[in-house]
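Here the structure comes first, spelled out in structure tokens, and everything after it is commentary.
Just so you know, all these numbers are worked out from the coordinates, no wet-lab data involved. Keep in mind that what you see is a predicted model, and the values were worked out from it rather than measured. Note that we place each Cβ from the backbone using ideal geometry, even for glycine, and neighbour counts take in every protein chain shown.
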Amino acid sequence: MGDAVEVERNGSGNIGPVRNDWSHIEVETLYALPFADLMFKAQRIHRDNFDPNHVETASLLSIKTGGCPEDCGYCSQSAHYDTGLTATRLMDKADVIATAQRAKDAGATRFCMAAAWRNPKDRDVDQVCDMVSAVKGLGLETCVTLGMLTPEQAGRLSDAGLDFYNHNVDTSPDFYSKIITTRTLRDRIDTLAHVRDAGIKVCCGGIVGMGEQVEDRLAMLVLLANLPSHPESLPINLWNEVKGVPVNETAERPDPIALVRLVATARIMLPKSVVRLSAGRQYMTDELQALCLLAGANSIFIGDVLLTTKNPQRDRDANLLGRLGITSGLA
Ligand code: SAM
Ligand code: DTB
Ligand code: SF4
């Protein structure tokens, strides 16, 4: 996209652009619309760009757990905090492939491999490239999240056929320094640019429920929507509680309606991005999840665990999607 504005129907029958020039006040006004008006706008845009009765199903695997040198204040895997987690080495490729096959059999269409690194070493990238090729060979979309990358490392992952790279901005520019001090938002944006330049699709979002204000959540959406290109995938994580990390001191679970408003606002601002209701679904009622899907969320993680924390059981997800008449890999 960049300077060129991609024109699309905006759901009202009018022609509208995919925009990269959102202002904070405009987004705050959108978010504060009467609920029915906000939902109607989001729904129209959702229906213009996606099948409203389908959700994507992704599965996560921690291929290298814990011992991470970063100090992300929400994370069980940071070596800065005593969270009771045992650190592991990079998994063997055969075990990764076997897990990916089970995820596919359970209904996943995308397989996301995550490593608790600040940044990978070149030899780590070689091993991950092998895993990516093998998982693609099973007929799954591939995603990895390995921390910061050099342009050269991004190029190697692209050559291996990687579909998506996940690297989150996590929160607003203002709240960021209260949560992470060991790498800057600029570092993250640089990695996103390397990923984009290498031709890999971008998965980028953040976390809510860490004690940020509504304005921070919206500022995070402004940051994402005003990137040179919109991320193809936008994960919205609700903080999954982890004992022993600093975010426990500030965390506050958002009002459920505020969460639905946030999803609807994201759908309007990033009309073509797949919005994933990511971590934290374990705390959500079926009704709240249904409203988030109605507001424009169209992807979930399936499987009983995410990386180190819980996710709803497969039967519960299959039952909910079935009651909503939503198709997915689960049905
Ligand atoms: N180490 C890599 C990195 O941070 O770039 C990749 C893995 S990291 C676990 C990926 C993302 O998961 C983080 O950026 C954060 O947004 C999310 N995350 C981590 N812990 C979480 C938690 N307890 N609850 C919700 N989301 C979390
Ligand atoms: C993302 O935004 N959410 C996923 C994925 N990217 C890698 C991670 C969620 C992690 C939840 C905490 C845990 O299980 O440790
Ligand atoms: Fe490390 Fe990623 Fe956890 Fe931060 S979020 S501590 S970089 S694993």
Query raised in the report: Taking trypsin sites (Lys or Arg not before Pro) that fall in a DSSP loop and have at most 16 other Cβ atoms within 10 Å as cut points, what is the longest piece of the chain between them?
Result: 122-242
Report task. State log₁₀ I(q)/I(0) for segment 153-269 at q = 0.23 Å⁻¹ as given by the Debye formula over alpha-carbon point scatterers of equal weight, solvent excluded. Result -> -1.31
Report summary line: Answer in debye to the nearest 20: the dipole magnitude of segment 268-323 about its Cα centre, from +1 Lys/Arg and -1 Asp/Glu charges placed on Cβ, is 160
Query raised in the report: Are any of the pairs 178/201; 201/310; 64/136; 104/272; 93/121; 121/243 more than 23 Å apart by Cα-Cα distance, and if so, which?
Result: 178/201; 201/310; 104/272; 121/243
Query - FRET efficiency estimate (nearest 0.05) - Cβ-Cβ, residue 36 to residue 189, R0 45 angstrom - result: 0.80
Query raised in the report: Roughly how many whole Å is it from the C-alpha centroid of segment 212-232 to that of segment 132-177?
Result: 19
Query raised in the report: Per q in 0.19, 0.22 1/Å, what log10 I(q)/I(0) does a Debye calculation on the alpha-carbon atoms of segment 60-168 return?
Result: -0.96, -1.20
**Report entry** residue 159 paired with residue 255, simple spin-label distance in nm, labels 7 Å along Cα-to-beta-carbon
**Finding:** 5.3
Query - Any cysteine of the chain lacking a neighbouring Cys Cβ under 4.7 Å - listed by number - result: 68, 129, 203, 204, 292
Report task. Can you give me the three principal axis dimensions of the chain from its C-alpha atoms, in Å, biggest first? Result -> 51, 42, 40
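Roughly how big is the chain's charge dipole about its Cα centre, with Cβ charges of +1 (Lys, Arg) and -1 (Asp, Glu), in debye to the nearest 20? Mind dumping the intermediate values first?
Values: 34 positive and 42 negative charges, 117 e Å.
The dipole of the chain has a size of about 560 debye.
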Report task. Taking 7 Å along the Cα-to-C-beta vector as the label spot, tell me the residue 181-residue 283 distance in nanometres, rounded to one decimal. Result -> 2.5
Report task. Please get the size of the charge dipole for segment 183-274, origin at its Cα centre, with Cβ charges of +1 on Lys and Arg and -1 on Asp and Glu, quoted in debye to the nearest 20. Result -> 320
Query raised in the report: Distance in nm between label sites at residue 313 and residue 29, each 7 Å beyond Cα in the beta-carbon direction?
Result: 4.9
Query raised in the report: So how far, in whole Å, is the C-alpha centre of segment 264-331 from the one of segment 56-81?
Result: 21
Query raised in the report: Which value at 222 nm does the chain reach when only helices count, each DSSP H run of 4 or more adding -39,500 (n - 2.57), with the total divided by all residues and rounded to the nearest 500 deg cm²/dmol?
Result: -12000 deg cm²/dmol
**Report entry** Cα lying deepest toward the dipole's positive end in the chain, options 166, 69, 326, charges on Cβ
**Finding:** 326
Query - Packing-based ranking, highest mean first, of 31-37, 286-292, 253-259 given that Cβ atoms within 10 Å are counted - result: 286-292, 253-259, 31-37
